[in-house]
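The values are calculated or read from the model by the stated rules, or taken from the named source; none is laboratory data. Nothing here was measured: the structure is a model prediction, and the numbers come from that model. For neighbour counting, all protein chains shown are included, and Cβ atoms are generated from backbone atoms with ideal geometry for every residue, glycine included.
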Amino acid sequence: MSSVVYVSGTFDLFHRNHLKMIEYGAGLGDILIVGVSTDELVCSYKKPPSIPFEERIAIIEALKYPDVVIPQRSLEHTERVIDLNIDVFVVGDDWKGKYDYLRDLGVKVFYFPYGSGVSSTKLKKQIYTQYKELISSSDKHSIPDVIKYD
């Protein structure tokens, strides 16, 4: 019987740690399902994603690893695990402990370590800082006294 792996995420500002988590999930079983959190779900617990849901799910669908990509509309996964016969659940380690209850259903739960590398939050801060610097430097210039035309 094939083992089914479910990887859960928002995948905002897609970066290499997202890819590593999906690759990791692909190596844990035979069928890889990736659940992409909808904008409505994300907004229920934090600020809206920078990239709209339709764009985020299209990016994940374009990857070679997932067999199936589906919208994720809830943070409660009991029904999904049962309906899709999920054997393995993978999520970022920023959710550590949140999905331990799935182990009671016989699901192996892995919290993928992002470590100190790239994250969507860090990327947003970097973009914001660079933008502020760009605006600041573009607004600070001397105005010429006289413009001469030849």
When residues of segment 102-113 are limited to those that are at pLDDT 95 or above, surrounded by 14 or more Cβ atoms within 10 Å (Cβ to Cβ) and not aliphatic (A, V, I, L, M), the one farthest from the chain's Cα centre (by Cα): 108
Cross-chain or 6+ apart pairs with Cβ under 6 Å, segment 75-89 first and under 16 Å from residue 36 (Cβ atoms), then assigned to a helix (DSSP H, G or I) and not aromatic (Phe, Trp, Tyr): 89/102
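Conditions (1) outside any loop (DSSP other than H, G, I, E, B); (2) in contact with a strand residue (DSSP E or B) (Cβ under 7 Å, 6 or more places away or on another chain); (3) of a type outside the set (Asp, Glu); (4) modelled with pLDDT of 95 or more, marked per residue:
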position: 85; (1), (2), (3), (4): no, yes, yes, yes
position: 116; (1), (2), (3), (4): no, no, yes, no
position: 130; (1), (2), (3), (4): yes, no, yes, no
position: 146; (1), (2), (3), (4): no, no, yes, no
Among (1) more than 13 Å from the chain's Cα centre (by Cα); (2) surrounded by 14 or more Cβ atoms within 10 Å (Cβ to Cβ); (3) without any contact (Cβ under 8 Å) to a residue 24 or more places away in the chain - the single one residue 70 does not satisfy: (3)
For residue 12: the one exception among (1) outside any loop (DSSP other than H, G, I, E, B); (2) charged (D, E, K, R); (3) touching a helix residue (DSSP H, G or I) at 6+ places or on another chain (Cβ under 7 Å): (1)
Members of segment 87-101 found to be farther than 14 Å from residue 24 by Cα, under 17 Å from the mean Cα position of the chain (by Cα) and in a helix (DSSP H, G or I), listed by number: 94, 95
Residue list for segment 25-44, restricted to those being surrounded by fewer than 21 Cβ atoms within 10 Å (Cβ to Cβ), in contact with a strand residue (DSSP E or B) (Cβ under 6 Å, 6 or more places away or on another chain) and under 14 Å from residue 112 (Cα atoms): 26, 28
Residue pairs meeting the criteria (Cβ under 9 Å; at least 6 apart or on separate chains; first closer than 16 Å to residue 114 by Cα, in segment 91-103; second at pLDDT below 95 and loosely packed, with under 12 Cβ neighbours inside 10 Å): 93/115
